[in-house]
Amino acid sequence: MTQYSEAFIMEVERFAIHDGPGIRSTVFMQGCPLRCPWCANPESQSRGKQLLYQAGKCIRCLGCVQVCPEGAITVWEGRPEFNRDRCAGCESCRRVCPAGAISYIGSKMTTEAIFQILSRDEAYYRESGGGVTFSGGEPFVQFQALYELLLLCHEKGYHTAIETTGDTPFENMEAALPLTDLFLFDVKHWDSEWIGRVTGGNGERIQENFRRLSLLAAEKITARIPVIPGYNDSEEDLRKMFAWISSCGVKRADLLPYHTLGVDKYSQLGRKYSLASAKMLSKKELAGYKSVGQEYGLLVEI
């Protein structure tokens, strides 16, 4: 009898169109070694259930305070205050909330159960040239589960993609390579010291992994550059990133304009968002950089 691993995931998004070719299912896995200030999915950084509280919906009935078995909810200025470190994830508070102000994200599932969801849309993958994308968080944090899911998809002939920060032991990437058709590899900066200082990741390992993977399969890599105001949005920075990507033999790069769509999640998680004053970037604002990337022999998309 096959033994399947368990994985912490946020959701399986069906009919996705932005994480690889065709119609796809995207598995959002939890756990990430980085703490990027602009992260749009803060609920993906740690594994396990995450409690979200929408203060604007709360009617202050305080029923959640009364039912919490851990005493993790107290009252502050007439509304509930959550001690998430004490929360056991029993969801008693969510069940009694009449306004739907409390929710949880994150669940543990077997790779078999996840694959059953993915296989529902096999016809769409085949008709559209789509497949399955593993995102996060950082999928390689849960490597055993990721590998099992890749293997299951590969056996069915599904196109597979991994969206990765690259901060993982290279042997993990090497093992996943035969089962992976596309790596959507984050390139946040050209300077490894900057990567470590700003994101908390291992900048040297990330860049070395990009180089080593490109030597084995440059044709499978699309570099993804999140363009963040005040961090890496100068022409000099982008030129250096384009030059570095090109020097590794990779031919495709995506520019991802900074957006604030995840800001509300921080307040719902009881966290502060450090880029609250930064403005969103439009595709039009980045259009000029396509020709800059072309100077380095890259096919650049926004």
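The values are calculated or read from the model by the stated rules, or taken from the named source; none is laboratory data. Everything numeric here is computed off the predicted structure, so don't read it as measured data. Neighbour counts are summed over all protein chains in view; Cβ atoms, including those assigned to glycine, are modelled from backbone coordinates with ideal geometry.
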Legend entry - Verdict on Leu51 being touching a Leu at 6+ places or on another chain (Cβ under 8 Å) and either in the same structural domain as Arg224 (by TED's automatic domain parsing) or crowded, with 18+ Cβ neighbours inside 10 Å (or both): yes
Legend entry - Residue among Ser46, Ser25 that is out of contact with any Phe, Trp or Tyr (no Cβ under 7 Å at 6 or more places or on another chain), of a type in the set (Gly, Ala, Ser) and part of a strand (DSSP E or B): Ser25
Legend entry - Selection count, segment 108-117, where residues are under 24 Å from Asn172 (Cα atoms), surrounded by fewer than 22 Cβ atoms within 10 Å (Cβ to Cβ) and touching a strand residue (DSSP E or B) at 6+ places or on another chain (Cβ under 8 Å): 3
Legend entry - Those helices (runs of 4 or more DSSP H) lying entirely in segment 153-254 with at least 2 residues of a type in the set (A, V, I, L, M, F, W, C) and touching a His at 6+ places or on another chain (Cβ under 8 Å): 192-199
Legend entry - Number of the exception - Ser135 against (1) hydroxyl-bearing (Ser, Thr, Tyr); (2) under 19 Å from Ile221 (Cα atoms); (3) surrounded by fewer than 21 Cβ atoms within 10 Å (Cβ to Cβ): (3)
Legend entry - Which numbered condition Arg95 fails, given (1) touching a strand residue (DSSP E or B) at 6+ places or on another chain (Cβ under 7 Å); (2) assigned to a helix (DSSP H, G or I); (3) not assigned by TED's automatic domain parsing to the domain that holds Asn202: (1)
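Table: residues versus (1) out of contact with any Leu (no Cβ under 9 Å at 6 or more places or on another chain); (2) assigned to a loop (DSSP other than H, G, I, E, B); (3) closer than 30 Å to Lys279 by Cα; (4) in the same structural domain as Leu152 (by TED's automatic domain parsing).
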{"site": "Met10", "(1), (2), (3), (4)": "yes, no, yes, yes"}
{"site": "Asp19", "(1), (2), (3), (4)": "no, yes, yes, yes"}
{"site": "Arg35", "(1), (2), (3), (4)": "yes, yes, yes, yes"}
{"site": "Trp38", "(1), (2), (3), (4)": "no, yes, yes, yes"}
{"site": "Cys58", "(1), (2), (3), (4)": "yes, yes, yes, no"}
{"site": "Gln66", "(1), (2), (3), (4)": "yes, no, no, no"}
{"site": "Cys87", "(1), (2), (3), (4)": "no, yes, no, no"}
Inset, instruction - Return yes or no: is Ala88 at pLDDT below 95, out of contact with any helix residue (DSSP H, G or I) (no Cβ under 7 Å at 6 or more places or on another chain) and small (Gly, Ala, Ser)? - result: yes
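Looking only at segment 137-152, which residues are in a helix (DSSP H, G or I) and either at pLDDT below 95 or touching a Gly at 6+ places or on another chain (Cβ under 8 Å) (or both)?
Kept after step one, since they are in a helix (DSSP H, G or I), are these residues of segment 137-152: 139-152.
Of everything in segment 137-152, those that are in a helix (DSSP H, G or I) and either at pLDDT below 95 or touching a Gly at 6+ places or on another chain (Cβ under 8 Å) (or both) turn out to be Val141, Gln142.
Look through Gly137, Gly130 and report the one residue that is in contact (Cβ under 8 Å) with a residue 60 or more places away in the chain and farther than 18 Å from Phe15 by Cβ. Show your work before the answer.
On the way: Gly130 fails: farther than 18 Å from Phe15 by Cβ.
Every option except Gly137 fails the conditions.
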Legend entry - Single match in Glu127, Glu81 (criterion: part of a strand (DSSP E or B), over 22 Å from the mean Cα position of the chain (by Cα) and surrounded by fewer than 22 Cβ atoms within 10 Å (Cβ to Cβ)): Glu81
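Got a sec? Which of Glu301, Glu285, Glu219 is farther than 30 Å from Ser103 by Cα, modelled with pLDDT of 95 or more and among the acidic types (Asp, Glu)?
Details: Glu301 fails: modelled with pLDDT of 95 or more; Glu285 fails: modelled with pLDDT of 95 or more.
Answer to the check: Glu219.
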Inset, instruction - Among what's in segment 255-281 and is of a type in the set (Ser, Thr, Tyr) and in a loop (DSSP other than H, G, I, E, B), pick the residue that is surrounded by the most Cβ atoms within 10 Å (Cβ to Cβ). - result: Tyr258
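Tell me, which residue of segment 13-33 that is among the aliphatic types (A, V, I, L, M) and surrounded by fewer than 22 Cβ atoms within 10 Å (Cβ to Cβ) is nearest to Gly48 (Cα to Cα)?
Quick first cut of segment 13-33, residues among the aliphatic types (A, V, I, L, M) only: 16-17, 23, 27, 29.
Remaining after also requiring surrounded by fewer than 22 Cβ atoms within 10 Å (Cβ to Cβ): 16-17, 23.
Details: Ala16: 24, Ile17: 27, Ile23: 28 Å.
Across segment 13-33, the extreme among qualifying residues is Ala16.
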